[in-house]
Structure formats: structure tokens, C-alpha cells
Amino acid sequence: MKPYALQVLAVLVLVFLGVSADLYLPTLMSDIINSGVMKGDTAYILQVGLRMLLVTLGSLCAAVLSSFFSSRAATWFTRDLRRAIFERVEGFSLHEFDKLGTATLITRSTNDVTQIQMVTVMILRMLVMAPIMAVGGIIQAYQQDKALTLVLAVAVPVLAISISVLASIAMPWFKKIQAKVDQLNLILREGLTGIRVIRAFNRWPHEEARFDRANQDITKTYVTVNRMMAFMMPIVMMIMNLTSLSILWFGVRRIDSGGMQLGSLMAFIQYAMQIMFSFMMMAMMFIMVPRAQAAAERIEEVLAVEPTILDPKEPQKPSGAHADLEFKDVTFCYHGAEKPALSQVSFHAKAGEVTAVIGSTGSGKSTLIKLIPRFYEVSSGAILVDGVDLRALRQEDLRAMIGYVPQKALLFSGTVAENLRFGAEEAPEAELRQAADTAQALEFIEGFSGGFEHRIAQGGTDVSGGQKQRLSIARALARKPEIYLLDDTFSALDFKTDAKLRAALKERLKGATVILVAQRVGTVMDADRIIVLDEGRVVGMGKHRELLSTCPVYREIAQSQLSEEEIA
């Protein structure tokens, strides 16, 4: 049983007790009035009054406790809901991220969950109490006077129909609001993350106008919805007042004819007001429920998405001691793309060798790298590690073998040591220093005021692009994996640092399988094997000298970067 289930059960019991107490008070008042007590009946009045006081205190205690338990139940429920969303999103492949979008996932995990939390509290406090109060009030009113209950038989359906019609009209607009919140969040996120580019190109007026359009759009939608819902309270109050007037009109006639006592009329009015008040509470809930329903549907969309990349039921283990990589006729196509990003790619990257991948922009180099950790699933063909298909391995086992340095270097907020230990939590400081030294990062790390304890801002905004790349390489080295995936990780380095880093890596990575993606010919020319990609196809494979004479695409790239003497 969920931990909040007992809290909900407690709320239901307390609400029932509290409503029962509230419904009992008008009956006690009716007894006093109908008994015609005089001055000599002080003891009776005190006795009934004490009972009324005890009932009121009991109702108060039940209301306080039900509010406490409802708040706890709603908080625990949304805690579990956020955890479920996070765990589901953590299992998504990049395909699901591309399909849903980061901005909407953030909104659904925060704003939408908050909407559900607020409504859950209100449901446990009000929507549970309202039907009990309405049904109990109708029963008590019927016991007081059967004929006068016909007034409620007319008023209650009219009120219910009015609320239902308004709620059904407003529901589609609340769905539009959530979509517009997504768009506003997207624009705001882009404005904050891209602030340097926006300032550099003096695009603040354009971004302000873009944000203002989205802001005005959501404001107009809110105004439209609020105008619709503004009709609800006047309609409810009008029906309540007309009901009270009708009860008094017909009740006085009933008293005049001797068919009803004054105390019963007073009690009947109290029950009628409780019934109307319960419907007013439901009306207030219907202002919030449509938006929460829209939020729940959006969260359900996330939870209903089944990840395309799953672990096998009977996972295997790589058979060899070294992680040889082999691509067998691998074809991959992005979702919605007209043509494949990679077509029939085949090569064998052996342990202890450096396999470099080079090609023009958009040739599929980074896509090839992303297929190895199973960020995406191959469309056809297979990728083997020591003869075992990646799809036969657990994702956790596969990624434990990989040291990945992405094309866009990413650091997390925290100390330098915490970033380097991201893939090896127990790594001692000596190994961190060794990894940093190999990555040519030790010198600038020691230049920080706190050394390895220097705190890095979120995203590494307080270090340069070259420093971020070297720290990312050091992070991969500290993990000591069998496979290194270096996705254009030397692009921000000067030629001198590039050469020193490649020489240090060559010594450090002996025995490991290295896949190196680069734009510079100078970075890949010493590799054991160079794969040349063009429009997703392998158009050349071999060493530097061999490719210069056999691969026109590679020679063209080399001629654009090297002098004739260097090529010769």
C-alpha cells in the first residue's frame, strides 16, 4: 500500500465525522425551538447547549486533522509522481527526448505536478466533503419536511447542470493554457541559455518582442477562461438565494397551515444552505479541476511513452578481455528524416588501436559515436562488442565500459574533483591528478584558488571552452574504461596543446579501444585507422598516406587544411 493511502483513509473518516457533526447541529437547534422552553427550563437549555458545544469542538478537531492529513497525502502523492516522471524520463533514449522536447518535460515535471498537488488537497478537503454534506443535508431536510423538499428537487439539478455546462466549456481552454505555458517556458529557457549570443548580435529587442507575444497570448487565454468562470459564482449565488426565498415563502405557508413548526423551518433552511454550500464548493473545485485534468493528461502522456531502448530479458556479457568494436552494415535514420544519417557502415575497431572518423559537416560522425552507448538504436545492422550485439547487453553494463567525451563539453555545478569523479566516485586524488595531467588540465587546475576543490559554475560557464574540453577528457580518463569515445574533443584546443594531449593519450590509452571523431586532419593523421564519411557512407578507410592517394574526399579535406609540402 502506498504511504499516502492511509492518510487518504484518515481524511475520509475525519470528513465523515465532521460532516455528521455539522448535520446534527440544526436538529438540536430545532429541538430547542420546537420544545418551547421557558425560563424554568434553564437546565435543559444548558444540557442541549453543552451537547452542541461538544459536537462543534468535535467538528473543529475533525476539520483540522483532515486538513493536516490531506496536505500530507497530496504532498507524498506528488512526490511519488515526480519520482515516476523522473525515472521514466531517465529511461528515455534521445529519440524520445527529440520527440517530446526538453521545455515541455520541464513544465510537466514542475508546473503540471504542482497543479495536481493543489487540486488533490482541494479534493480531499472539499470535493470529498461536498457530496457527503449534500446527501446528508437532503436526508435531514427530508426528515424535517417532505413537502418542502420539492424546492430542493428543483434547485439542485438546475445548479448541477449550470456548473457542468460551464466546466465543459472551460475544459478545452485549460488545455490550451498548458500548451502556451510550454511555449513560454521554451522562449524563456532559450533566452537565458543563449544570453551571450543574444547580446553579441544585439537581438534583445527581437527576443523581448518574441517573449511579449507569448506572454500576451497566455494572458489573453487566461482572461478568456476567467471570464467564463466568473459567471459561475453569480449563478450559484442567485440559485442559492432563490432557493432560500422559495423555502421561506412555502415554509411560512406550511407553518400558517399547521403542517410545520418554526424550529423545523429553521433547521430546513440550515440544511438547504449546507446543500447549496456543498454545491458551491463543487463549483469552486470545477474552476481548478479542468486545468488539473489537462495537467494530468499531459503527465500521463509522458508516463505512457514506452522507451524504445530496453534491456534484454536475458542479458549477455562480452566474451573477451578487451572491448573490440565492430560495425556490421549499420544503417540509422532519425525520426521523420527523409534519408538515413548513416548507411551500411562497416568497420572493425580493435583494442589497443585508435580508430579516427573524419568527414565534412553533417556526414554522420557524431551520430556514429552516439550509437555505441545506445543513445539511439540502429535502424538495421548490428554493433558488436567482443562479438556480442549491443542489444544483448544491459545498458548499465555497456555504459560502464565506455568513457564518453561529448562534442559539446558539459560540466556540472560543483568542485573540479566532483566533476572528475562523475564516472568514478571512489577514485583517489592521485588518480584524478594523473588523469588531469594526461588531459593537460593539471596546470590550470592548480592555478585555481582551491585547486581540485575549486567550485565550477553550472554548465562550466566560468572556465574557457578549451578548459571544459580538457576537464571532460580527464573525467573520462578517471573512469578507466575499456572504450573511449572522443567526439571532436580537440576543437577548442590550440595546435600545441592538441599535439601534447594526443601524445599523452597515446601513452595512457594503450590496450583500450579508442574511437576519435575530429575535424582536423592533423588530429587524425597518426591514427591506426581512419574512416572517411561522406553523407553517411564510408567512402574511405585506411591510414593517412594511403587515403591521400585512394580517397578523393579525404584528399580534399587535407588540401583545405595542410600545405602542399605537408601533403607531399
From S346, S379, residue being under 17 Å from L94 (Cα atoms) and surrounded by fewer than 16 Cβ atoms within 10 Å (Cβ to Cβ): S379
Some residue of the stretch 96-108 being assigned to a helix (DSSP H, G or I), under 16 Å from the mean Cα position of the chain (by Cα), exposed (fewer than 14 other Cβ atoms within 10 Å of the Cβ) and at pLDDT 85 or above: no
Residues within the stretch 288-318 that are in a helix (DSSP H, G or I), over 16 Å from L124 (Cα atoms) and not charged (D, E, K, R), tallied: 8
L325 being closer than 30 Å to A356 by Cα and open to solvent by less than 50 Å² (accessible area, probe 1.4 Å): yes
Given (1) closer than 30 Å to K175 by Cβ; (2) surrounded by 14 or more Cβ atoms within 10 Å (Cβ to Cβ), number of the condition I198 does not satisfy: (1)
Total residues in the stretch 405-432, condition under 18 Å from G466 (Cα atoms) and open to solvent by 60 Å² or more (accessible area, probe 1.4 Å): 5
Residues (acidic (D, E) and without any contact (Cβ under 8 Å) to a residue 24 or more places away in the chain) located in the stretch 406-453: E418, E425, E426, E429, E443, E446
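If you go through the stretch 275-303, how many residues are open to solvent by 20 Å² or more (accessible area, probe 1.4 Å) and within 13 Å of the chain's Cα centre (by Cα)?
5
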Some residue of the stretch 532-540 being free of Cβ contacts under 8 Å to residues at least 40 places away in the same chain, touching a strand residue (DSSP E or B) at 6+ places or on another chain (Cβ under 9 Å) and within 24 Å of I483 (Cα to Cα): yes
When residues of the stretch 130-163 are limited to those that are without any contact (Cβ under 8 Å) to a residue 12 or more places away in the chain and under 41 Å from the mean Cα position of the chain (by Cα), the one nearest to M232 (Cα to Cα): I161
Any chance V48 is modelled with pLDDT of 80 or more, in a helix (DSSP H, G or I), among the β-branched types (V, I, T) and open to solvent by less than 60 Å² (accessible area, probe 1.4 Å): no
Residue list for the stretch 505-558, filter: open to solvent by less than 20 Å² (accessible area, probe 1.4 Å), of a type in the set (G, A, S) and either in a loop (DSSP other than H, G, I, E, B) or touching a Gly at 6+ places or on another chain (Cβ under 7 Å) (or both): A512, A518, A527, G536
Residue, surrounded by the most Cβ atoms within 10 Å (Cβ to Cβ), within the stretch 352-362, restricted to residues that are in a loop (DSSP other than H, G, I, E, B) and touching a Leu at 6+ places or on another chain (Cβ under 9 Å): S360
Complete set of residues in the stretch 257-300 that are without any contact (Cβ under 8 Å) to a residue 24 or more places away in the chain and charged (D, E, K, R): E300
Residue within the stretch 489-504 that is open to solvent by less than 10 Å² (accessible area, probe 1.4 Å) and either touching a strand residue (DSSP E or B) at 6+ places or on another chain (Cβ under 8 Å) or hydroxyl-bearing (S, T, Y) (or both) present: yes
Complete set of residues in the stretch 223-250 that are open to solvent by 70 Å² or more (accessible area, probe 1.4 Å), under 24 Å from W173 (Cβ atoms) and either among the aromatic types (F, W, Y) or in contact (Cβ under 8 Å) with a residue 60 or more places away in the chain (or both): F231
Total residues in the stretch 138-155, condition hydrophobic (A, V, I, L, M, F, W, C), crowded, with 18+ Cβ neighbours inside 10 Å and either part of a helix (DSSP H, G or I) or at pLDDT 80 or above (or both): 5
Test: F444 is over 30 Å from L562 (Cα atoms), open to solvent by 10 Å² or more (accessible area, probe 1.4 Å), assigned to a loop (DSSP other than H, G, I, E, B) and not aliphatic (A, V, I, L, M): no
Members of the stretch 56-79 found to be over 29 Å from V305 (Cα atoms) and either open to solvent by less than 20 Å² (accessible area, probe 1.4 Å) or not in a helix (DSSP H, G or I) (or both), listed by number: S59, A62, S66, S70
Residue check for R82: touching a residue at least 12 places away in the same chain (Cβ under 8 Å), open to solvent by 70 Å² or more (accessible area, probe 1.4 Å) and part of a helix (DSSP H, G or I): yes
First in the stretch 496-511 and at positive phi, second anywhere and at pLDDT below 80 and open to solvent by 70 Å² or more (accessible area, probe 1.4 Å), Cβ under 8 Å, 6 or more apart: G511/H322
Residues that are open to solvent by less than 60 Å² (accessible area, probe 1.4 Å) and at negative phi, drawn from the stretch 447-463: F448, G450, F452, H454, I456, A457, V463
Residue match in the stretch 172-195 (condition: open to solvent by less than 50 Å² (accessible area, probe 1.4 Å), under 20 Å from M282 (Cα atoms) and assigned to a helix (DSSP H, G or I)): yes
Filter pass, E338 being assigned to a loop (DSSP other than H, G, I, E, B), surrounded by fewer than 12 Cβ atoms within 10 Å (Cβ to Cβ) and modelled with pLDDT of 80 or more: yes
Subset of the stretch 123-137 (residues that are open to solvent by 40 Å² or more (accessible area, probe 1.4 Å) and in contact with a helix residue (DSSP H, G or I) (Cβ under 6 Å, 6 or more places away or on another chain)): R125, L127, M129, I132
Flag if F277 is closer than 23 Å to Q140 by Cβ, of a type in the set (F, W, Y) and touching a Leu at 6+ places or on another chain (Cβ under 7 Å): no
L411 being farther than 28 Å from D324 by Cβ and assigned to a loop (DSSP other than H, G, I, E, B): yes
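The values are calculated or read from the model by the stated rules, or taken from the named source; none is laboratory data. As the structure is a computational prediction, the values presented were derived from the model and not from experiment. No Cβ is skipped: glycine too gets one built from the backbone with ideal geometry, and neighbour counts run over all protein chains shown. Protein only, heavy atoms only, side chains kept; ligands, DNA and RNA dropped before computing areas. Shrake-Rupley method; radii C 1.70, N 1.55, O 1.52, S 1.80 Å.
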